1. Give the residues of the range B:1-39 that are over 22 Å from the mean Cα position of the chain (by Cα) and closer than 19 Å to B:His193 by Cβ, sorted by residue number.
2. Here are some residues: A:Ser103, A:Ser109, A:Ser140. Which one is out of contact with any strand residue (DSSP E or B) (no Cβ under 8 Å at 6 or more places or on another chain), buried (at least 24 other Cβ atoms within 10 Å of the Cβ) and among the polar types (S, T, N, Q)?
3. For the list (1) of a type outside the set (Lys, Arg); (2) in contact with an Asp or Glu (Cβ under 7 Å, 6 or more places away or on another chain); (3) more than 7 Å from chain B (Cβ to nearest Cβ), I need the number of the one condition that A:Trp81 fails.
4. Filter the range B:312-347 for residues that are in contact (Cβ under 8 Å) with a residue 60 or more places away in the chain and touching a strand residue (DSSP E or B) at 6+ places or on another chain (Cβ under 8 Å); which is farthest from the other protein chains (Cβ to nearest Cβ)?
5. Residues that are in contact (Cβ under 8 Å) with a residue 24 or more places away in the chain and under 18 Å from A:Phe110 (Cβ atoms): does the range B:58-67 have at least one?
6. Take A:Ser405 and tell me if it is over 29 Å from A:Ile328 (Cβ atoms) and buried (at least 21 other Cβ atoms within 10 Å of the Cβ).
7. Give me a count of the residues in the range B:145-168 that are under 22 Å from B:Phe77 (Cβ atoms) and away from chain A (no Cβ under 13 Å).
8. Applying the selection to the range A:86-112, what residues are touching a residue at least 60 places away in the same chain (Cβ under 8 Å) and in contact with a helix residue (DSSP H, G or I) (Cβ under 7 Å, 6 or more places away or on another chain)?
Amino acid sequence: MEDMILYNRLQFAFTITFHYLFPQLTMGLSLMIVYFKWKFLRTRLEDYNHAAKFWMKIFALNFTMGVVTGIPMEFQFGTNWAKFSELTGGIIGQTLAMEGMFSFFLESSFLGMFLFGEKLLGHRLHFLAGLMVFLGSWASGFLIIATHSWMQYPVGYEILENGKFVLNNFTALFNNPWLWPSYLHNQAGSLITSSFFVAAIGAFYLLSDKQSRFGKIFVKTGVIFGVISSILVAFPTGDMAAKNVVKYQPVTFAAMEGIFKTEKGGSEIVLIGQPDMKNKKLDNKIAVPNVLSFLTYQRWDAEIKGLNEFDESIHPTNIPGLYYGYHIMAGLGTIFIAIMVLATFLLWKNKLYQTKWLLWILMFMIPFPYIANTAGWYTAELGRQPWLVYNLMRMVDGVSPTVSSGNALFTLLGFIGLYILLGLLFLMLVLKIIRKGPEAQINLK
Amino acid sequence: MEIFWFIVLMVMLGIYVILDGYDFGAGIVHLFFAKTEEERKAVTNSIGPFWDANEVWLIASGGVLFFAFPTLYASAFSGFYLPLMLVLWLLIFRAISLELRGQVHNRMWEMMWDKAFGIASLLLALFFGAALGNVVRGVNLGMVENGISTQEPHYFFLALWNPTFDPLAEHQGVIDWFTLLLGLVAVVTLTIHGANWIILKTASTLNQRLKGFIFKLNCILLFLVILSAYVWHYVKPISLHNFESNNWLWAFPFIAAVGLFGLFRIKKFKKDISGFIFSSLFIFGSFGSTVASMFPILLPSTNNINPSLTVQNMAAHEYGLSVGLGWFAVAAVLVIIYFIIQFKVFKGKLDDVGYGDH
């Protein structure tokens, strides 16, 4: 049984981590492509249209990877977490079915037109098709976060005698106090990924002194989108999301911040430190006194509950993982703001394209938004443990009763093998598209 | 209310089989019948802008199944664990082979993804046919051993096969001679269907040859259909009960027969769309007949101890199903609009749209 749980958890964690690498880029990138196309319609400068087309290629590849790695997520609810699906399907099935009906059809119908139909549609309708793809991908994110929010903070339900959760208030699913802060925080995070990605490719073109025209467009657009989104991800969305955790999952908040004991006279904010689970303290701690209390309650001496105030049975199952996930996300987020504010300042002073050291930094930042978003996702998911549905259903009670650990291990290995292959192919092809660059479009004509 | 959702689900699955069916079929045609680079391009062009949206019908049907019949979703997905995972991997392979083929212009690269696309399409067609066979045949629900149920009554687990390949064995596998036969029917049916789609959407040199192949495949199909109708009765003797009490259900087999008959006259057709209409009718009719013969059972139990899973005992709670009506109606209208727009934009023969255009 323990093996079974372990393999199923690893499989879900592995497949969703890999999956989420793709939509976080496509959600942000779809907005940026729409922006390029809109810029073209307004200015009629061909470069913007070529920029849109270039990013469409990377978008299409990403989108395909996102779709093919997304289908297993829906399946795995039933295959590996059958008991969870059986008991909560009447509720989370609503939002998941809505995702299929409202967003996947929208995305897939208009993506085909967007990719194949420029000549058939003309530029204005082509722009509209792009807008539809953008709407579809953002709606998809919304409905997934709505599902996720219900698991974090269940609303609008009642539990029948046989243990089934049934819906009794549909609108509550979308008025869930957990939903909007999480969604906006998540979308800001996606925009960060795409902004840094676009800026990094632009920096690469400028530094390698090829296709510099496009390099400038990409760096400029990436930095403008980047500075807005990296500020938004911290304030107000991150702040609102954190306040939800304080309010609805105080034990999770204590573990995230690494507070083992409640402190009188206000809590310090931990910048660095390693959780020592045996002695229930942080090693090598660097912390600023009273700041956490202020950030959380706007009072320097406000009391924040430590882990010691909660029964151990409801402590998050992986406290160090949760603590690191949160600190990596928040730390990287701070760095993103610093870099993007600096770059915006130089852009404004007309010095950015010549400031080589900053372009180098922009170029090498590519993986970090991915790491930050993944760490953020882990923070949310590990924070909910040991619960599948917060406070109501434990993870061990959600697993498929008839699937053996051997079968779960077989499919875990299968996914690992397949996804390594997919990852390699994807990298190879993206690098190829980037090497050719947007000028390849012009040469085609 | 649950009957309404059952009909919705079956209609969605039916649409899925007809739509994604033609691109599976195109994959099989691609594997066996497309000889030159132009012909292969004609095949892939014909499904290029569509297959992605077709596949969404499967995902959306999965979503509706999850929401309207969560217990069935949980039971079937964990029960058919291994075949579903294989289907997933094949779907992934097929999708990436279509997407990746055009990315690099190298003979070996293209050949590799052409084969991956064809083989994945063939195996998926076989698996979907076999899946239908499993649902018709039923499973050992509750995993009964020596007269004692070893699990909750609606859970089960199926291995891929057992050594006897006997559909009536106590511990069935996913693949036995009956489900394999239905798998073959599906492969032949979808090959014909895909060929008709290619004829409809392209002006390839392949088209005339395909019409000849369809005639031969049709003879094979007729033989397989008669054979499976015969053994169906042996595996599932009660299949005709619903038809005896509701005579109008005979409309489904009748439609299938019309479709099959029409396919024999393919060379006579003036319009390229006729073949596609007849193969769609055949698929619609045979899928409908199967559903009609089973209703209200969703998954039959093969033991006498645990009851079969039915529309009534598997449905979600009344309130959830009713509010679902509201958003589903809106979504359905939108989906129809998208499809009309899509078919308008890409109407006619597709030969001018290059495969690697994006």
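1. Listed by number, the residues that qualify are B:Ala34, B:Glu39.
2. A:Ser109 is the lone residue from the list that is out of contact with any strand residue (DSSP E or B) (no Cβ under 8 Å at 6 or more places or on another chain), buried (at least 24 other Cβ atoms within 10 Å of the Cβ) and among the polar types (S, T, N, Q).
3. (2)
4. Once the filter is applied, the top-ranked residue is B:Met314.
5. So far as the range B:58-67 goes, yes, one or more of its residues are in contact (Cβ under 8 Å) with a residue 24 or more places away in the chain and under 18 Å from A:Phe110 (Cβ atoms).
6. Here the answer is no, as A:Ser405 does not meet what is asked.
7. Qualifying residue count, the range B:145-168: 3.
8. A:Glu86, A:Gly90, A:Ile91, A:Gln94, A:Thr95
The values are calculated or read from the model by the stated rules, or taken from the named source; none is laboratory data. None of these values were measured; they are calculated from a predicted model. Every residue, glycine among them, receives a Cβ derived from its backbone with ideal geometry; neighbour counts consider all protein chains shown.
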